[in-house]
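Trainee: I have a structure here, written as structure tokens, and I will follow up with some questions on it.
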Amino acid sequence: MNGSTPYKEQVLNHDGLLALPVSLREALWRAAAHAQLNAYAPYSRFQVGAAVLDDRGQIHAGCNVENAAYPQGVCAEAGALSAMVLAGGRRLHAVLVLGDGEAWVTPCGGCRQKIREFAHPQVPVLLADRQGLRGVLTLEALLPHSFGPEHLSQTI
Ligand SMILES: [Zn+2]
């Protein structure tokens, strides 16, 4: 995936898109598309890239990393969140997940909770493939009535 690859948006719904400018949507897509190319998925052959936009405007990407001991594999979203935290980010404003196939590639249940740790329920989760953006959902739609940091008495 390089800078000349055209970016398309064929989004039929706009739930949770908020005011995320198209330039940021494309930047998230390019970061996730590049990450997907580096995914390590020799077992499933299902490469996923993810990118998160933090509250300072920085984008952090991740890819899935499988393991011969299957449960030890790591999702792309988890990699992107680790990169954000490493860089000092603590809140995210958008997530983009990119994978191949007919169906939207959405974050797994575990990753929905991982995203929730750093995101307001109305944060948009953008769903994409190698051609561009395909759909948008809020985190609330993916993880309704969620448990988050505010449920604990300690402040973070
Ligand atoms: Zn996951």
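Just so you know, all these numbers are worked out from the coordinates, no wet-lab data involved. Model, not experiment: these values are computed from the prediction. Glycine gets a Cβ as well: all are built from the backbone with ideal geometry, and neighbour counts include every protein chain shown.
Trainee: Examine region 60-73 for a residue that is under 12 Å from the mean Cα position of the chain (by Cα) and away from the ligand (no atom under 13 Å from the Cβ), and state whether such a residue exists.
Mentor: yes
Trainee: Name the single residue that is surrounded by the most Cβ atoms within 10 Å (Cβ to Cβ) among those in region 111-156 being among the polar types (S, T, N, Q) and in contact (Cβ under 8 Å) with a residue 60 or more places away in the chain. If you could, list the steps in order and put the result at the bottom.
Mentor: The first filter runs over region 111-156 and keeps only residues among the polar types (S, T, N, Q), leaving 113, 122, 131, 138, 146, 153-155.
Next, from what is left, pick out any that are in contact (Cβ under 8 Å) with a residue 60 or more places away in the chain: 122, 131, 138.
Values: 122: 12, 131: 14, 138: 19.
Only one residue tops the list, namely 138.
Trainee: Further question: Looking at region 73-89, which of its residues are farther than 20 Å from residue 128 by Cβ and touching a residue at least 40 places away in the same chain (Cβ under 8 Å)?
Mentor: Correct list: empty.
Trainee: OK, next. Given (1) closer than 21 Å to residue 34 by Cα; (2) aliphatic (A, V, I, L, M); (3) out of contact with any Phe, Trp or Tyr (no Cβ under 6 Å at 6 or more places or on another chain), identify the lone condition not met by residue 119.
Mentor: Only one criterion in (1) closer than 21 Å to residue 34 by Cα; (2) aliphatic (A, V, I, L, M); (3) out of contact with any Phe, Trp or Tyr (no Cβ under 6 Å at 6 or more places or on another chain) is unmet by residue 119, namely (1).
Trainee: Can you tell me which residue within region 82-97, out of those that are within 10 Å of residue 62 (Cα to Cα) and among the aliphatic types (A, V, I, L, M), is nearest to the chain's Cα centre (by Cα)?
Mentor: Step one: filter region 82-97 for residues within 10 Å of residue 62 (Cα to Cα), giving 82-84, 97.
Those left that are additionally among the aliphatic types (A, V, I, L, M): 83-84, 97.
On the way: 83: 12, 84: 12, 97: 4 Å.
Restricting to residues being within 10 Å of residue 62 (Cα to Cα) and among the aliphatic types (A, V, I, L, M), the top hit is 97.
Trainee: Sticking with this structure for a sec: Quick one: count up the residues across region 104-147 that are of a type in the set (Val, Ile, Thr) and within 14 Å of the ligand (Cβ to nearest atom).
Mentor: Kept after step one, since they are of a type in the set (Val, Ile, Thr), are these residues of region 104-147: 105-106, 115, 123, 125, 136, 138.
This time we only want the ones that are within 14 Å of the ligand (Cβ to nearest atom), so: 105-106, 115, 125.
Of the residues in that region, 4 qualify.
Trainee: Which of the following residues is out of contact with any Leu (no Cβ under 6 Å at 6 or more places or on another chain), under 24 Å from residue 143 (Cβ atoms) and either within 16 Å of the ligand (Cβ to nearest atom) or basic (Lys, Arg) (or both): 79, 49?
Mentor: On the way: 49 fails: out of contact with any Leu (no Cβ under 6 Å at 6 or more places or on another chain).
Going through 79, 49 in turn, the sole match is 79.
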